[in-house]
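Participant: Mind looking over this structure? Questions follow.
A short reminder: the numbers here are calculations on the coordinates, not readings from a lab. The structure displayed is predicted, hence computed values, not measured ones.
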């Protein structure tokens with residue numbers, strides 16, 4: 001085995017060079033074409049062959065499920081930025097789908113579960129504390145801590161990109177997408193806030209209807225860019241507070 005040698009992809013049987021393959025934890029190789037039949041957010045190099053085979057089977061099953069339920073996502077809440085980024089959810093079933101530049105080369109759509117939006121390594125710790133939520137604000141804040149946006153700056157001090165991360169309770173999975181630095185911070189934060197609000201509401205048992213979510217987003221969109229983070233959080237927080245007063 002060397003840089004210029006060719007190895008057989010265990011899935012399709014084709015021989016591929018070093019630039020077109022991934023070596024699995026168990027030593028076998030998977031070509032980059034077959035890798036795209038899996039999930040863009042799973043680090044497949046950490047998987048064994050058995051795990052990779054299971055992932056490819058799951059991807060096919062997930063696509064079949066998506067085709068059955070995809071129109072239901074658009075009937076509930078959603079957040080779309082341009083042609084590249086979209087978050088669709090079915091609040092009734094606790095499922096969501098992401099469309100990002102990272103998913104475009106992957107033909108199979110993955111349907112994610114809101115209940116699994118937790119860091120894999122901290123899931124047990126988090127779940128043990130759920131019953132200790134004493135206010136809706138506390139519950140909401142947990143998801144603001146979990147679902148994050150990181151601003152990446154260049155040497156000139158200008159914003160190079162924004163990275164949105166959604167922790168997921170699955171080993172070797174990191175859900176993240178990158179927005180260009182030229183994108184308005186308000187738009188990025190609105191995507192973050194929408195996911196936080198929907199997932200946080202579902203997992204803590206609060207009834208966030210599509211109408212109420214649209215109202216929150218409409219109010220937040222009228223806010224200035226510099227205040228986007230604070231005021232979007234306040235807009236959603238005010239909704240939670242109003243629930244607590246009923």
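Participant: Could you give me D for the range 7-66, from Stokes-Einstein at 10 °C and 1.306 mPa s, where the hydrodynamic radius is the Kirkwood radius over C-alpha pairs? Units µm² s⁻¹, please.
Facilitator: Translational diffusion coefficient: 138 µm²/s.
Participant: Right, another one. Please compute one quarter of the surface area of the Cα convex hull for the range 56-104 and express it in square nanometres.
Facilitator: 3.7 nm²
Participant: Right, another one. Specify, per residue and in Å³, the volume enclosed by the convex hull of the alpha carbon atoms belonging to the range 37-81.
Facilitator: Hull volume normalised by residue count: 95 Å³.
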